[in-house]
Amino acid sequence: MPKPVQIRPSGSMRAPRAALALCAALGIALASAGAARAMEAGHTSPLMGPDAAPHGSITVTPAPKGVILRIAATGLPPGWHGMHFHEKGDCSDPKFTSAGAHVHGATPVVHGLMNADANDNGDLPNLYVGADGTATVEIYSTLVALAPGGDRPALMDADGAALVIHANPDDYMTQPIGGAGGRIACAVIK
Ligand SMILES: [Cu+2]
């Protein structure tokens, strides 16, 4: 049996390889730093149920013309649920009434994504929770901003805001909340 020939790199060969490896490592490090910066721009908060038990988390990331809302929910009742940005960053009440009404910029507020006269900045599409009680989704809203200073109502204004998930789906028409019923989960954005 012929022995396998091993080619040992000389000192001069090792240097470029080491340099390449270093460049690759740096590239990965830079990419990670970029991802970390993008994550830091978002605001993550826990999603709470009425039992004060954790139900996952939400992240709101500012976009030039709106916000991207990421929801990673657990332990929710399966099916469709209405949800909105509510005007106060307060989920302390077990029924989450402390979160107030919807985020809005003008009154009277006309609710409903399917309403021609709608001006409800807190409006969002319904959330679908799977049979295992989880929901993982990203949703884009152009109706609000994360930080104050623009022409859209800001979630992180003086009293913050909350994402509230309701018991029933939002029909996108009925006043004032599309028949979405009680509030079953809440996350403070503050
Ligand atoms: Cu609501």
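Read-outs throughout are calculated quantities, based only on the coordinates presented, and are distinct from any laboratory measurement. Source: prediction; values computed, not measured. When we count neighbours, we look across all protein chains shown, and the Cβ atoms used for this are built from the backbone with ideal geometry, even at glycine.
Things to note:
- Counted by neighbouring Cβ atoms within 10 Å, the residues Ser92, Ser45 run from fewest to most as Ser92, Ser45.
- Based on Cα contacts under 8 Å between residues 6+ apart, region 59-190 shows a relative contact order of 33 percent.
- Coupling constants for region 177-190 follow from the phi torsions by the Karplus curve (6.51 cos²θ - 1.76 cosθ + 1.60, θ = phi - 60°), and in residue order they are 9, x, x, 6, x, x, 9, 10, 8, 8, 10, 7, 10, 7 Hz; glycine and proline get x.
- Amide H contacts under 5 Å for Ala185, placed H, 5+ residues apart: Ile165
- Gly112 long-range amide H proximity, modeled H, under 5 Å: Asp120
- Reducing region 159-183 and region 70-132 to their Cα centroids gives an inter-centroid distance of 4 Å.
- Least to most buried among Asp170, Asp117 (fewest other Cβ within 10 Å first): Asp117, Asp170
- Between the amide H of Trp80 and those of Val129, distances stay under 5 Å, these residues lying 5 or more places away or on another chain, with hydrogens modeled in the peptide plane.
- Ranked list, fewest to most other Cβ atoms within 10 Å of each Cβ, for Ser98, Ser141: Ser98, Ser141
- Tail beyond 19 Å, pair distance distribution of region 84-190 (Cα, percent): 42 percent
- Antiparallel DSSP beta bridges within region 43-189, percent to nearest 5: 95 percent
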